[in-house]
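Every number here is computed from the coordinates shown, using simple stated rules; none is lab data. In this text, all values refer to a predicted model and were calculated from it rather than measured experimentally. No Cβ is skipped: glycine too gets one built from the backbone with ideal geometry, and neighbour counts run over all protein chains shown.
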Amino acid sequence: MRVLAIESSCDESAVAVLDRQKGLLAHELFSQIDLHRIFGGVVPELASRDHVRRLLPLVRTTLEKAKTRPAELDGVAYTAGPGLIGALLTGAALARSLAYAWRKPAIGVHHLEGHLLAPLLEREPPPFPHVALLVSGGHTQLIEVRGIGQYQTLGETRDDAAGEAFDKAAKLLGLPYPGGPELAKLATGGKTGKIKLPRPMLDRPGLEFSFSGLKTAVLQASREQELTPQRKADIAFAAQEAIVETLVAKSLRALEQTGLDALVVSGGVSANRFLRDRMTEAVGRQGGHQRARVFFPRVEFSTDNAAMIAVAGLARIEAGQLETLAIKAQARWPLESLSAVGP
Ligand code: KG4
Ligand code: ZN
């Protein structure tokens, strides 16, 4: 079983070919960062137009690198949502058309299911069931994952997503888009304990998050005294620490509450080194039940990519979950509405 996958939900155009036996044969990605940078964020219309330009050449290159002819494919997977509707439509229309021309099935994949399943590409994949912390630009959720397609939300953010919190704090400090990785870079020169920022919801029971208060606190800290390069780095450190500490504490709480001993951390923010280190340390130290373990996707598959869409697509095509010829794209799509794959 071999599938071609296309991802175009936001500002990355990506294509991958995944084989059930041989693994990932090729994956290509074109990032639109340079295109959106002068606007300080993603401009949806520009994103759609650029996907139209990039996707088909990327499909060609990826098939070449995977040494795969269309006839050797068993299906085409594409991101059908959630995301920017125009951007989604470009990938969905292309994937559906290629599948039609090649006489193959096609399947619309849930972008967040892609993120959740990305660690399955690693040599040591996570066991099921597990708890997943999904932290991306638009989502922050703790999910109980009983199997592929079996997702139950345990808690989520009441306002901003963790990625959004990184991006907004970065913007307030005058950093360019995309803010998350820029803030993380600046934070490496920062010192701990210099600035105190709130950790909302940490003192309350439950598995909900709230990050919207952080920007006000960052804004205040940046105005309190002269914003020297060192002070800026200290604020970046404090902001990153506040977000990460909250994510770690709630993830531990979710493990405890469910009694599960495996944690997956995925989505764009899981690329963050500080989060990876703190989470690994904390989960390793956790007592109570048997030692828990944490699983991450490799860093390049933390942020948007097509390899993860291929994992989800392959599982569903393999399970015979065929769809009509309709081009499927939806900006909103609840994760819990997905159907289970397998027992
Ligand atoms: O999963 P993703 O690539 O796209 C969405 O599905 O949203 O996540 C993008 C988010 C952005 O908010 C970005 O700033 C954040 O992930 N991000 C990071 C890092 N790399 C990406 N945040 C903190 N540290 C990073 N190294
Ligand atoms: Zn994503």
- prompt: Kirkwood Rh, Cα Rg: Rg to Rh for region 247-343?
  reply: 1.05
field: Antiparallel DSSP beta bridges within the chain, percent to nearest 5
entry: 60 percent
- line: In degrees, nearest 10, the alpha-carbon axis of helix 162-172 is tilted away from the dominant principal axis of the alpha carbons of the chain by 60 degrees
message: Give me the extension gain from GLU318 to GLU64: residue separation times 0.36 nm, minus the current Cα-Cα distance, reported in nm with one decimal.
response: 89.1 nm
message: I want to check the label-to-label distance for GLN230 and LEU35. Put each point 7 Å from Cα in the C-beta direction and report it in nm to one decimal.
response: 4.3 nm
- prompt: Around PHE295, which amide H atoms from residues at least 5 apart in sequence, or from another chain, sit under 5 Å from its own amide H, with H modelled in the peptide plane?
  reply: LEU263, VAL264, VAL265
message: Given Cβ point charges of +1 (Lys, Arg) and -1 (Asp, Glu) and nothing else, what value in debye, to the nearest 20, does the dipole of the chain about its Cα centre take?
response: 360 debye
- line: the chain: relative contact order from alpha carbon pairs under 8 Å, six or more residues apart, as a whole percent, is 25 percent
- request: Would you mind working out the magnitude of the charge dipole of region 129-296 relative to its Cα centre, with +1 at each Lys and Arg C-beta and -1 at each Asp and Glu C-beta, to the nearest 20 Debye?
  value: 320 debye
- request: Run down the lysines and flag those whose C-alpha is under 23 Å from the C-alpha of LYS185, throwing out any fewer than 8 positions away in its chain.
  value: LYS168, LYS171, LYS194, LYS196, LYS215, LYS232
Exposure proxy ranking, count of Cβ atoms within 10 Å, fewest first, for ILE309, ILE148, ILE85: ILE85, ILE148, ILE309
field: Positive-pole candidate from ALA254, THR188, LEU325, dipole of the chain, charges at beta carbon
entry: THR188
- prompt: Any idea what % of Cα-Cα pairs in the chain are farther than 26 Å?
  reply: 48 percent
- line: So the angle from the long Cα axis of helix 44-65 to the longest Cα principal axis of the chain, reported in degrees to the nearest 10, equals 60 degrees
- line: Magnitude of the Cβ-charge dipole (Lys and Arg +1, Asp and Glu -1) of region 125-171 about the Cα centre, nearest 20 debye, reported as 80 debye
query: What ³J(HN,Hα) values, in whole Hz, does the Karplus curve 6.51 cos²θ - 1.76 cosθ + 1.60 give for region 242-255 when θ = phi - 60°, with x put for Gly and Pro?
result: 4, 5, 5, 4, 5, 4, 5, 4, 6, 5, 4, 4, 5, 5
- request: Based solely on C-alpha atoms, express the radius of gyration and the Dmax of region 173-310 in angstrom.
  value: 16.2, 49
- request: On a 0 to 90° scale, report how tilted helix 212-224 is relative to the longest principal axis of the chain, with both axes built from alpha carbons and the result rounded to the nearest 10.
  value: 50 degrees
- request: Return an integer: the convex hull volume of the alpha-carbon atoms of region 60-218, in Å³ per residue.
  value: 182 Å³
